[in-house]
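Since the structure comes first, as structure tokens, the remarks are kept for the end.
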Amino acid sequence: MNDAAGKKPETTPADTPKAGSGGEVDRPAQETDGFQLVIDALKLNGIDTIFGLPGIPITDLARKLQRAGLRVISFRHEQNAGHAASIAGFMTQKPGVCLTVSAPGFLNGMTALANATTNCFPMILISGSSEREIVDLQQGDYEEMDQLAVARAHAKAAFRVLHAEDIGVGVARAIRAALSGRPGGVYLDLPAKLFPQTIDAEAGRNSLIKVVDPAPRQIPAPDAVQRALDLLRGAKRPLIILGKGAAYAQADADIRALVERTGIPYLPMSMAKGLLPDTHEQSASAARSYVLPEADVVMLIGARLNWLLSQGKGKTWGGKSPKAWGGQKFVQIDISPQEADSNVRIDAPVVGDIGSCVSALLGQLGSNWPKPPAEWLDAIAERRTKNVAKMLESLAKDPAPMNYHSALNVVRDIVKANPDAILVNEGANALDFTRSIVDMYKPRKRLDVGTWGVMGIGMGYSIAAAVVSGGQVIAVEGDSAFGFSGMEVETICRYDLPVCVVILNNNGVYRGDEANPTGGSDPSPLVFVKGARYEKLMEAFGGVGVLASTPAELRNAMEEAIRSRRPTLINAVIDEKAGTESGRIASLNPTAKKKP
Ligand code: OXT
Ligand code: ADP
Ligand code: MG
């Protein structure tokens with residue numbers, strides 16, 4: 001494949017400086033080109049940051065985007081850039097944009113695009129691509145691949161733009177598809193030949209579209225709202241489950257008002273933690289395994305009855321067998337009408353955007369909503385008190401070497417003292433223990449592996465969180481999880497981001513003590529180099545690296561990282577026998593080794 005100019009790679013006629021639009025493009029003043037139209041279309045729609053990795057055929061696009069005033073965050077691997085874009089979309093309700101080269105770069109970005117779609121995050125993956133004529137005849141172009149066909153299977157939508165005059169429409173369609181209805185990942189294919197195409201400047205300007213109302217409100221039907229309220233009012237043991245859709249919706253005050261005015265206990269899914277502070281007296285987090293089977297009416301707000309909620313049935317819900325219905329009635333608030341009944345019967349679907357739905361519920365609630373029966377609230381309080389006491393007992397211990405509890409007790413205190421910090425979290429035990437031990441106090445401050453349980457989001461999410469918020473990020477990482485995106489510590493240092501990475505290092509996947517059963521010299525597939533010095537990776541790029549073997553060392557290092565805002569990596573050494581296989585989801589892995 002030729003680069004954008006269609007001749008020699010990396011330079012194009014459109015690259016030679018000229019007066020006019022930024023003084024860098026050699027084309028008559030009355031003309032514009034594909035590069036400029038892409039930039040103008042993105043800017044017109046408020047896109048101010050691009051996450052990506054340059055190379056043929058988008059090197060010049062990346063340069064020109066920066067020259068045009070957009071922030072271009074350049075990564076070491078496209079998957080991390082893609083994850084960054086997707087979480088920026090979740091945090092801002094604007095599609096996060098990732099820019100990649102063709103075939104391999106595109107495929108590297110695809111994991112993130114598919115993950116964005118699965119998690120309902122708005123994202124646009126823009127990839128340069130090879131010449132259609134050569135690709136379609138399979139004649140062996142540079143990085144040849146039918147990217148559009150590949151993307152279609154895993155994206156919410158996929159578009160290709162062949163003519164400069166269609167760039168405005170292509171970008172507009174991508175934005176609308178990413179944001180409207182259930183958000184998701186969109187692929188935009190921009191062949192190399194598009195960029196140097198020139199058209200009349202005025203025609204170009206007129207071809208651009210500023211998308212009006214890209215995520216239109218969807219007002220729920222009043223009778224659907226009434227049906228839901230009637231069901232809830234009659235409940236003896238009601239429960240609200242808040243999911244990451246509720247966090248995404250940014251209807252924080254109304255959601256809190258709904259929970260508090262109804263007095264119904266609520267359970268936050270992992271990325272909905274902090275929507276109300278985890279210390280809220282109505283939180284049922286610490287009584288999860290009690291409330292799910294005992295509840296009689298459950299209202300889901302932006303949460304799907306997928307594997308994380310045992311598909312709404314089975315033993316988790318009090319069903320008599322693994323697939324049996326537990327008898328609960330469900331209200332489901334979701335923007336996707338097709339979500340209802342996907343696993344169990346939804347008795348009261350409320351279809352609309354969460355902001356509009358919750359406000360409609362509040363509007364029709366009336367002033368004398370009956371609080372849930374005291375027996376229900378008391379029973380939950382009793383379980384919660386017991387579990388919290390049990391947790392505090394574990395947190396108070398100070399074993400040597402550290403275990404997850406003693407290390408995370410420090411993180412818990414640090415997050416409490418810095419409630420605006422964003423917590424990124426991945427791993428298995430490192431994920432599960434952090435979720436239950438570290439309380440969150442504000443909405444959208446916890447970002448994790450989400451619907452797919454995917455490893456590798458760590459540094460991409462951290463970079464985006466720091467870039468988007470301008471604030472402190474704390475990434476709690478399993479040592480295996482960190483390895484998927486670890487090279488991005490260079491990116492963190494390069495952009496001097498206030499990211500404090502804490503690796504809970506137990507020398508392996510789940511545990512570090514497994515041996516090769518044959519007695520051979522190869523290690524077990526689950527273990528890593530013992531005593532690895534991950535902190536030196538951060539030092540290699542000018543950041544701060546700390547080896548922490550005790551809670552006091554970990555605390556000092558985290559406090560200093562937050563005080564200095566310097567890129568910091570703390571290698572927190574954990575007992576290699578502390579974890580369990582698959583963490584809290586061992587039931588999904590029937591052959592998992594039991595904790596000895
Ligand atoms: O009610 P009970 O008694 O049950 O108690 C619950 C709560 O009531 C209580 N609790 C509390 N008590 C007191 N106080 C408070 N505040 C409190 N809050 C809660 O605690 C318990 C637990 O509560 P929780 O967490 O709410 O409930 P539970 O039952 O766990 O919830 C169920 C789930 C399903 C919702 C929850 O478990 C969940 O969200 N799980 C997500 C799991 C997940 O996604 N895991 C990641 C994937 S695992 C695996 O796939 C890994 N891989 C393979 C791989 C992947 N994933 N991706 C790719 C690209 N390649 C490969 C790999 C390689 S993990 C992994 C690496 C692992 O190694 P690492 O080194 O990184 O990590 P380590 O394990 O640390 O070594
Ligand atoms: P969790 O993993 O936290 O349970 P899920 O990702 O399973 O959350 O569910 C999120 C749900 O929220 C999806 O079904 C999605 O359609 C829905 N959703 C996302 N944004 C909105 C919104 N603005 N309004 C209504 N529903 C939304
Ligand atoms: Mg580990």
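Structural remarks
- DSSP beta bridges confined to the chain are antiparallel in about 5 percent of cases.
- Each residue, Ala324 and Leu588, gets one label point 7 Å from its Cα in the Cβ direction; the gap between the two is 2.5 nm.
- Percent antiparallel among DSSP beta bridges (both partners in segment 21-207, rounded to 5): 10
- Averaged over residues, the count of other Cβ atoms within 10 Å places the peptides 120-128, 166-174 in the sequence 120-128, 166-174, highest first.
- Relative to the Cα centre, the charge distribution of the chain, modelled as +1 at Lys and Arg Cβ and -1 at Asp and Glu Cβ, gives a dipole magnitude of about 1820 debye.
- Overall form of segment 40-111 per C-alpha gyration tensor (a/c, 1.5; a/b vs b/c): oblate
- Label point of Arg261 set 7 angstrom out along Cα-Cβ; within segment 292-313, amide nitrogens under 20 Å from it belong to 298-302.
- Taking 0.36 nm per residue of separation and subtracting the current Cα-Cα distance, fully stretching the chain between Lys577 and Val150 would add 149.5 nm.
- Helix-only CD estimate at 222 nm, as mean residue ellipticity for the chain, using -39500 (n - 2.57) per DSSP H run (n ≥ 4): -11000 deg cm²/dmol
- Peptides 485-497, 381-393, 139-151 ordered by average Cβ neighbours within 10 Å, highest first: 485-497, 139-151, 381-393
- Above-threshold pairs, the threshold being 31 Å between Cα atoms, out of Lys94/Lys530; Lys43/Lys156; Lys315/Lys577; Lys390/Lys445; Lys273/Lys530: Lys94/Lys530; Lys273/Lys530
- Sequence-distant contacts, meaning Cα pairs under 8 Å at least 6 residues apart, place the relative contact order of segment 104-218 at 33 percent.
- At R0 = 30 Å, FRET efficiency that the Cβ-Cβ distance of Arg132 and Arg205 yields, to 0.05: 0.65
- Simple label model, 7 Å out from Cα along Cβ direction - Ser74 to Gln139, nm: 3.2
- Shape call, segment 385-528: gyration tensor on alpha carbons, a/c limit 1.5: oblate
- Estimated from the Cβ-Cβ distance and a Förster radius of 45 angstrom, the FRET efficiency linking Lys397 and Leu44 is about 0.20.
- Annotation: the residues His154, His77, sorted from fewest to most other C-beta atoms within 10 Å of their own C-beta, follow the order His154, His77.
- Distance from the Cα centroid of segment 521-571 to that of segment 279-353 is 40 Å (rounded to whole angstrom).
- Principal-axis analysis of the Cα atoms of the chain puts helix 458-469 at an angle of about 80° to the longest axis.
- Estimated from the Cβ-Cβ distance and a Förster radius of 22 angstrom, the FRET efficiency linking Ser367 and Arg227 is about 0.60.
- Amide N proximity, segment 309-351 versus Gln218 label position 7 Å along Cα-to-Cβ, cut-off under 15 Å: 332-342, 349-351
- Normalised contact order of the chain, rounded percent, pairs of Cα under 8 Å and 6 or more residues apart: 11
- Arranged from fewest to most other beta-carbon atoms within 10 Å of their beta carbon, Asp448, Asp439, Asp479 become Asp439, Asp448, Asp479.
- Here the extension length gained between Gln338 and Asp522 equals 61.3 nm, from 0.36 nm per residue of separation less the Cα-Cα distance.
- Between 0 and 90°, nearest 10: helix 354-365 axis offset from the chain longest Cα axis: 40
- Between 0 and 90°, nearest 10: helix 34-44 axis offset from the chain longest Cα axis: 40
- Cα shape, the chain, gyration tensor, a/c 1.5 rule: oblate
- Radius 9 Å from Cβ of Asn45, net charge of other residues (Lys, Arg +1; Asp, Glu -1): +3
- Extension gain, Arg563 back to Glu382 (0.36 nm per residue minus Cα-Cα distance, nm): 61.3 nm
- Measuring between their Cα centroids, segment 182-210 and segment 368-440 lie 48 Å from each other.
Values in this text are rule-based calculations from the coordinates and carry no lab data. Predicted, not measured: the structure shown is a model, and the values here were computed from it. Every residue, glycine as well, gets a Cβ built from its backbone with ideal geometry; the counts of neighbours run over all protein chains shown.
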